[in-house]
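Remarks on the structure that follows.
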Amino acid sequence: MKEQQSGIEKRILAVIQEGLPGSRTPYDGMARRVGISTRKLLEILKQWKQQGKLRRIGAIVNHFKLGFSAGAMVVWKVEPQHVEEVGQMLAGFEQVSHAYERDTTDNWPYNLYTMVHAGSCEELLSTVKRMSKACGISQYKVLTTEKELKKVGPRYITQ
Amino acid sequence: MDELDKKILNALQYDFPLSERPYQVLAEKLDIAVEELWNRVSRLMDEGVVRRIGASFDSGMFGFSSTLAAVSVPPEKVETAAAIIGEYPEVTHSYQRSDEFNIWFTIIAKSEGRIEQIIEQIRSALSLDKSQVLNLPVKRLFKLDARFRPQGGFMADEHRGDCRC
């Protein structure tokens, strides 16, 4: 039984990773491809949502077309004991879409990462300056986005 | 793009209804006819403003591993490197960035071992030194909210790429 369930989960992931069909009843098309009823599909998705496995279903927009022409990954070097506080503070900026703490390596000392978006380069840099001032971290680096080389939805099932 | 388009874009980016008739639910929320909503959503998709309606998962809860990786390649090798990296279905995003480490990419794979294997294959295909490659898995998530409020007026077709900091 358990195995059967995970088989369905796998099939749902394989279908949903391509995005919802551009139709007025997108779940019907998905359910057909998974081989279950629309009701069953919605039931599982709601359950995933409740469990936190499904974060969100929603439009993935082209943010450049919405006026966010400048973007950068800003990396910060923060003392371990301040990471929680600084991370929360930087995440609070509405211009920040992603904020993570990551491992460091011998040749890469930065441990906090923020994706920052703005309408122009000037605006981006002034936002980063405000962020730096607010959290008191002066060791940071702005890695601007020069080119999008690949962007697809996450591929969970690849075989 | 008018005010209603912007309202629709905001609504579409929030929780897309888990309902047999999601556009009906959204139309009621926005207090517009479902035909009007659907026509506009179709247009925004045709124009490429909406890339797709997608689902975002906590990949770790499904047993997958993920990371952010980077390589440092000479400018003349960027294109080749981008092609090699982009070929892996496990690579979901890749960007050229203004740094010595100039190509950054995210990997979602079935295990950490597979991630290490992919990175090692890329490193060897590009004849890079170990110091020219980064593997930076997440330790803590503070925010993940890739929703964008439409800005006033200005629409760029793509990234302008003239930002030097």
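The values are calculated or read from the model by the stated rules, or taken from the named source; none is laboratory data. Being a predicted model, the structure only gives us computed values, none of them experimental. We place every Cβ from the backbone using ideal geometry, glycine too, and count neighbours over all the protein chains shown.
State yes or no: is A:GLU101 of a type outside the set (A, V, I, L, M), within 21 Å of A:ILE137 (Cα to Cα) and outside any strand (DSSP E or B)?
No, not satisfied.
Consider only pairs whose beta carbons are under 9 Å apart and that are at least six residues apart or on different chains; among these, list those whose first residue lies in region B:71-86 and is under 21 Å from A:TRP108 (Cβ atoms) and of a type in the set (Lys, Arg) and whose second residue is surrounded by 17 or more Cβ atoms within 10 Å (Cβ to Cβ) and at pLDDT 95 or above.
B:LYS77/B:LEU126
For region A:8-28, what are the residues that are crowded, with 17+ Cβ neighbours inside 10 Å, facing chain B (nearest Cβ under 7 Å) and within 15 Å of A:ILE60 (Cα to Cα)?
Answer for region A:8-28, where residues must be crowded, with 17+ Cβ neighbours inside 10 Å, facing chain B (nearest Cβ under 7 Å) and within 15 Å of A:ILE60 (Cα to Cα): A:ILE16, A:GLY19, A:LEU20.
Among the listed residues A:ILE57, A:ILE44, identify the single one that is β-branched (Val, Ile, Thr), in contact with an Asp or Glu (Cβ under 9 Å, 6 or more places away or on another chain) and assigned to a helix (DSSP H, G or I).
Working: A:ILE57 fails: assigned to a helix (DSSP H, G or I).
Matching residue, one of A:ILE57, A:ILE44: A:ILE44.
Of the numbered conditions (1) more than 9 Å from every other protein chain (Cβ to nearest Cβ); (2) within 24 Å of B:SER127 (Cα to Cα); (3) among the β-branched types (Val, Ile, Thr); (4) part of a helix (DSSP H, G or I), B:ILE85 fails exactly one; give the number of that condition.
The one condition B:ILE85 does not meet is (1).
Considering region A:76-109 alone, what residues qualify as being within 18 Å of A:THR144 (Cβ to Cβ), crowded, with 20+ Cβ neighbours inside 10 Å and more than 9 Å from every other protein chain (Cβ to nearest Cβ)?
Answer for region A:76-109, where residues must be within 18 Å of A:THR144 (Cβ to Cβ), crowded, with 20+ Cβ neighbours inside 10 Å and more than 9 Å from every other protein chain (Cβ to nearest Cβ): just A:TRP76.
Only one of B:LEU18, B:LEU68 is within 7 Å of chain A (Cβ to nearest Cβ), outside any helix (DSSP H, G or I) and farther than 28 Å from A:TYR113 by Cβ; which?
Every option except B:LEU18 fails the conditions.
Answer yes or no as to whether B:THR80 is out of contact with any Ser or Thr (no Cβ under 8 Å at 6 or more places or on another chain) and of a type in the set (Val, Ile, Thr).
Judged against the criteria, B:THR80 is a match.
So B:GLN13 passes all but one of these: (1) in contact with a helix residue (DSSP H, G or I) (Cβ under 9 Å, 6 or more places away or on another chain); (2) over 28 Å from B:ILE115 (Cβ atoms); (3) crowded, with 16+ Cβ neighbours inside 10 Å. Which condition number does it fail?
Failed condition: (1).
Mind counting the residues in region B:103-122 that are assigned to a loop (DSSP other than H, G, I, E, B) and either on the phi > 0 side of the Ramachandran plot or surrounded by 13 or more Cβ atoms within 10 Å (Cβ to Cβ) (or both)?
Residues flagged as assigned to a loop (DSSP other than H, G, I, E, B) and either on the phi > 0 side of the Ramachandran plot or surrounded by 13 or more Cβ atoms within 10 Å (Cβ to Cβ) (or both) within region B:103-122 amount to 1.
Step by step: first the residues of region A:61-96, then only those that are modelled with pLDDT under 90 and among the polar types (S, T, N, Q), then the one that is nearest to A:ARG130 (Cα to Cα). Which residue is that?
Per the stated criteria, the residue is A:SER69.
Test each condition in (1) at pLDDT 95 or above; (2) surrounded by fewer than 17 Cβ atoms within 10 Å (Cβ to Cβ); (3) in contact with a strand residue (DSSP E or B) (Cβ under 8 Å, 6 or more places away or on another chain) for B:GLU100 and report the one that comes out false.
With respect to (1) at pLDDT 95 or above; (2) surrounded by fewer than 17 Cβ atoms within 10 Å (Cβ to Cβ); (3) in contact with a strand residue (DSSP E or B) (Cβ under 8 Å, 6 or more places away or on another chain), B:GLU100 is out only on (3).
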